[in-house]
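Novice: Here's a structure for you.
The values are calculated or read from the model by the stated rules, or taken from the named source; none is laboratory data. Remember, predicted model here, so these are calculated numbers, not experimental data. As a convention, Cβ positions derive from the backbone with ideal geometry for all residues, glycine included, and neighbour counts pool all protein chains shown.
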Amino acid sequence: MKRGLLFALVMLLALAMISPGAAMAVRGGNGKAVGHDNGVETGRSEAALERRQARESSHEEQRLGREEAALEREQARSEFHEAQRLQREEAVLAREEAREERVTGQENAAARMGRNLDRMAAKMADGKRKQLPPGLSATWLKFMNSLGYEVTADDLPGSVPVTDTVPPELEMPEAPEGE
């Protein structure tokens, strides 16, 4: 008996929940009969239709504008990526060329010492320096000879050729007074 009563109660509740949905579906859900069109609201329908069409055309224009802007952004993005790719390729080529042009450590050191000696020789010509540093000169000679160049002290950057005469601008040291 309890089961029967419980079953009847559940069925009654289920029927109560389904019946309003069925009633609304039969009537169309908006209070009008299904398929029944009375001509009273045609003016409002046309205005609503015009508004809807205007709204849809406005949405369509906005959508086209967004698509066009997206295409422009994509094109700019692809141009940017292409420029970056070209820069990377140029950098790789420059590195490869630099690798091919690299000199050994000894050649680099000899070139740097040569530049330093040239700079010091220019200072010597200006009168700011009295002589080239002998240690740097000897090292330059050693490096150049180890690289296969035959050089002597006369080949030093800024060296003065040896002559038998003393230039007038150089003063002779005086003899000591005790002799």
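Novice: Which of (1) within 48 Å of the chain's Cα centre (by Cα); (2) β-branched (Val, Ile, Thr); (3) modelled with pLDDT of 75 or more is the odd one out, the single condition residue 103 does not satisfy?
Specialist: So residue 103 meets the others, but not (3).
Novice: Take the stretch 100-130 and flag every residue that is surrounded by 11 or more Cβ atoms within 10 Å (Cβ to Cβ) and of a type in the set (S, T, N, Q).
Specialist: 106, 108, 116
Novice: Sticking with this one: Please find, among 69, 91, 54, the residue that is within 24 Å of the chain's Cα centre (by Cα), more than 30 Å from residue 147 (Cα to Cα), surrounded by 10 or more Cβ atoms within 10 Å (Cβ to Cβ) and at pLDDT 90 or above. Reasoning before the result, please.
Specialist: On the way: 91 fails: at pLDDT 90 or above; 54 fails: within 24 Å of the chain's Cα centre (by Cα).
Unique residue meeting the criteria: 69.
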